[in-house]
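The values are calculated or read from the model by the stated rules, or taken from the named source; none is laboratory data. Remember, it's a predicted structure, so these values are computed and weren't measured experimentally. Note: ideal-geometry Cβ built from the backbone for every residue, glycine included; neighbour counts use all protein chains shown.
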């Protein structure tokens, strides 16, 4: 039996898919973003649970696409991260759809021998930078991209299936005009592609854009964080929570390894940063920053023991943290503690931990060690 593990609630996942779809237009396809080990929830565990309810899967790492195919996952898969020229043949062989945001991939495919009529082509989604300032072709590169796409040899070797961009601040209404400008730039690309006979699937909205309806849904909506029952920002939650009922998918548990009594004045953990203010009972928990507990949240966090909220005290170490369980009447080694999730009437959320660690809920869940066991629960 593991000392610490995650529980992934399949019912919550399916609920979230259904709830998010309420925000879609009739034609919009659901692209489940399962990059970064499905936002820390477990790649195969999540995909196996939702594959019959979504239209597309998106990963970042090309190797994740290969892994899913090896597990007999047959949904279309888009690789959002950069691929290398030497991966082109493998992408074609496995029908993996790839994001292209650099000229070298287009040039490499152009140099290949033209495909025969029934041969497979490289399926691409053109990635645009419409204002994020990150990956993607910028507007000034449009003419060069169009000229390449008009090349007969390249046309024979690729299928331009998608055209997409990433919003910079769709989770913040202060940037609504900026977001709408990003949409306008995307539409200019769409129009120019149509003029050379290309009509790819358009996608730009992710969780925030979808749940705020700041932009048209177009053909595909890429859903990441909200699939897992988490909100992209407090503002998005406030604006949407009465319409979309999301359920957190992940719970994190660990077994107490030791319980002991300590006198007032005792120092707890490295650096003696926490001194007991009373005679206390402490519980040692076998998790630390190796597992994904942020060191900067030392003495700020809380956990749930037998339905009671208890403070984490002292410095978070590599493999251990300490809890003050003085006020918990019945507690012993081997008892399960909830790090994230519910226990009776109490709960600790990824958002709570993000506050303690001064980061985002995205980082909290994706930084949980991928080696920890993920268990599917109904």
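If I filter region 210-244 down to residues being touching a strand residue (DSSP E or B) at 6+ places or on another chain (Cβ under 8 Å) and farther than 30 Å from residue 375 by Cβ, which single residue comes out as surrounded by the most Cβ atoms within 10 Å (Cβ to Cβ)?
Checked region 210-244; the qualifying residue surrounded by the most Cβ atoms within 10 Å (Cβ to Cβ) is 220.
Inside region 176-290, counting only strands (runs of 3 or more DSSP E) that do not spill past its ends, which hold 3 or more residues that are touching a residue at least 60 places away in the same chain (Cβ under 8 Å)?
Counting at least 3 such residues, we get 220-223, 250-255.
What's the number of the condition residue 3 fails, among (1) crowded, with 22+ Cβ neighbours inside 10 Å; (2) under 30 Å from residue 335 (Cα atoms)?
Looking at each condition in turn, residue 3 falls short on (1).
For region 340-363, name all the residues that are part of a helix (DSSP H, G or I) and either free of Cβ contacts under 8 Å to residues at least 40 places away in the same chain or on the phi > 0 side of the Ramachandran plot (or both). Can you show your working first?
Of all residues in region 340-363, those part of a helix (DSSP H, G or I) come to 350-357, 361-363.
Within region 340-363, 354, 355, 363 meet the criteria.
Among the residues in region 307-326, are any closer than 13 Å to residue 353 by Cα and in a loop (DSSP other than H, G, I, E, B)?
Filtering region 307-326 down to residues closer than 13 Å to residue 353 by Cα leaves 311-312.
Filter once more, keeping what is in a loop (DSSP other than H, G, I, E, B): none.
No, there is no match, as no residue in region 307-326 is closer than 13 Å to residue 353 by Cα and in a loop (DSSP other than H, G, I, E, B).
Restricting the search to region 270-326, which residues are surrounded by fewer than 21 Cβ atoms within 10 Å (Cβ to Cβ) and either at positive phi or not assigned by TED's automatic domain parsing to the domain that holds residue 254 (or both)?
Once the filter is applied, which keeps residues that are surrounded by fewer than 21 Cβ atoms within 10 Å (Cβ to Cβ) and either at positive phi or not assigned by TED's automatic domain parsing to the domain that holds residue 254 (or both), region 270-326 yields 271, 272, 299, 306, 307.
Could you go through region 104-122 and let me know if any residue there is modelled with pLDDT of 95 or more, out of contact with any helix residue (DSSP H, G or I) (no Cβ under 7 Å at 6 or more places or on another chain), surrounded by fewer than 20 Cβ atoms within 10 Å (Cβ to Cβ) and part of a helix (DSSP H, G or I).
no
For region 245-268, enumerate the residues that are in contact with a helix residue (DSSP H, G or I) (Cβ under 8 Å, 6 or more places away or on another chain) and surrounded by 20 or more Cβ atoms within 10 Å (Cβ to Cβ).
Scanning region 245-268 gives 246, 248, 249, 250.
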